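Okay, so here's the structure we're looking at.
No lab work stands behind these numbers, since they all come straight from the coordinates. Predicted model, so just to flag it, every value in this text is computed and none were measured. Don't worry about glycine lacking a Cβ; one is built from the backbone with ideal geometry, like all the others, and counts go over all protein chains shown.
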Amino acid sequence: MLNRGIRAALLDGSLYRQLSDDPQEIFFALAIVAISGLALGLGLQSQLVIPLRDGASPLLVILFSVQTRFVGWFLCAGVAYVVGGKLLGGDAGFRQLLRSLGMTFGPGVLAVFAGIPVAGIVFLGLSFLWLFPAGWIAIQETHQFDRVRTFICLVFTWFIGVGGSYFFLLTMIGEPSAS
């Protein structure tokens, strides 16, 4: 599993070609997304990056972080399936995209370092931003797309899946804005 996560982080396109044929790989993708969510929850404990709500328990922050990563994973796969498969004529099915895009969450473990003063925001940002190039390779290899269709599919996938799930996390555990 660690090998797969590293290969996904290094943008190894051959990984995604191997994943699409083996249904058992969904368990590795599930584990990578869960570990990524756990790392996010642990990284957010410091409150240096996101001011947490008063009384937010550490366990609750971790649970919402794991949930956020899972919601993001399913949203990414769903959007990539609809936009890439149905609208742009891609080859991949929903389960193939779940396996492929699950592996792209490997770099999300960088979020565990979010509590480091000054550098923490960089690690947290990388944990989300790295999903873009990793998702590019996953979508391109899984759907067998050219660059233009990959870009179109990925923009929708990333903004809805990653952006939407991060917004959800901020509303659940972040400090409410003053009105």
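Only Cα pairs under 8 Å and at least 6 apart count here; give the relative contact order of the chain as a rounded whole percent. Here the relative contact order equals 33 percent. Rounded to the nearest 20 debye, the dipole magnitude of segment 2-173 is 120 debye, with +1 charges on Lys and Arg beta carbons, -1 on Asp and Glu beta carbons, and the Cα centre as origin. Across segment 2-173, the fraction of Cα-Cα pairs farther apart than 20 Å, rounded to a whole number, is 47%.
Among Leu60, Leu124, Leu169, the largest mean-square fluctuation in a Gaussian network model of the chain (Cα springs under 10 Å) belongs to Leu60.
Taking the Cβ of Gly85 as the center, what net charge do the other residues with Cβ under 12 Å away carry, scoring Lys and Arg +1 and Asp and Glu -1? List each step's numbers first, then the result.
On the way: positive: Lys86, Arg95, Arg149; negative: Asp91.
Neighbourhood net charge equals +2.
Would you mind counting up the charge near Ala31? Only other residues with Cβ under 13 Å from its Cβ, with Lys and Arg at +1 and Asp and Glu at -1. My count for the surroundings of Ala31 gives +2. In a DSSP loop and with at most 15 other Cβ atoms within 10 Å, the trypsin sites (Lys or Arg not before Pro) in segment 40-149 are Arg53.
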